[in-house]
Amino acid sequence: MLKFNVPKWLYCICIIGIVLLMIPKFSFNDPDTFWHIEVGRYMIDHGQILHYAIHTFYGDKLPYVPHEFGFQILVAPLYSAFGWPGVYLLTAVCLFFLVLGLYRLGKVSRKELGLRKSMFSCFHLHY
């Protein structure tokens, strides 16, 4: 079997590079994102979580289940302070923690199943 000896820092650079090279021009060109920002602003300004939709194509005061209120409250001030780069940074941080979590999950799963280390196991994160 062929064994690769890849330095640990190379994996970090690749992951960071992929996150930083994502083009936000296309990922945030969805009107739904603007709606979440506006709803977040409204909730912060009025000090309440909405249970009715506002600024929709169907009109205001429609019943609404606030299942995304945490994101909306987080992204509204971030957008107000930093614009799209702030929202993009939030996306990059979330993606980083997703990759980190998936890596840890794979590492734990392989250990529990008694599988040998893969060629990617040379990249270890110590907490």
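The values are calculated or read from the model by the stated rules, or taken from the named source; none is laboratory data. Values in this document were obtained by computation on a predicted structure and should not be read as measured data. No Cβ is skipped: glycine too gets one built from the backbone with ideal geometry, and neighbour counts run over all protein chains shown. To get the accessible areas, we keep the full protein, side chains included, count just its heavy atoms, and leave off ligands, DNA and RNA. Shrake-Rupley method; radii C 1.70, N 1.55, O 1.52, S 1.80 Å.
What are the residues whose amide H is under 5 Å from the amide H of Ala53, where those residues sit 5 or more places off or on another chain and H is modelled from the backbone?
Here the answer is Lys61, Leu62, Tyr64, since their amide H atoms fall under 5 Å of that of Ala53.
Could you give each residue of the range 50-66 its phi-based ³J(HN,Hα) in whole Hz, using Karplus coefficients 6.51, -1.76, 1.60 with θ = phi - 60°, and x for Gly or Pro?
Rounded to whole hertz, the list is 6, 10, 9, 7, 10, 6, 10, 5, 8, x, 8, 6, 7, x, 9, 8, x.
Per residue of the range 38-46, what does 6.51 cos²θ - 1.76 cosθ + 1.60 with θ = phi - 60° give for ³J(HN,Hα)? Whole Hz please, x for Gly and Pro, Karplus curve as stated.
Working through the residues one at a time gives 5, 5, x, 4, 4, 5, 5, 5, 9 Hz.
Order the following by accessible area, largest value first: Trp9, Trp35, Trp84. Probe radius 1.4 Å; ligands, DNA and RNA are ignored.
Working: Trp9 155, Trp35 45, Trp84 75 Å².
These residues rank, largest area first, as Trp9, Trp84, Trp35.
If r is the Cβ-Cβ distance from Met22 to Lys61 and R0 is 25 Å, what FRET efficiency results, to the nearest 0.05? If you can, show how the numbers build up before the last one.
On the way: r = 37 Å, r/R0 = 1.47.
Efficiency at R0 = 25 Å is approximately 0.10.
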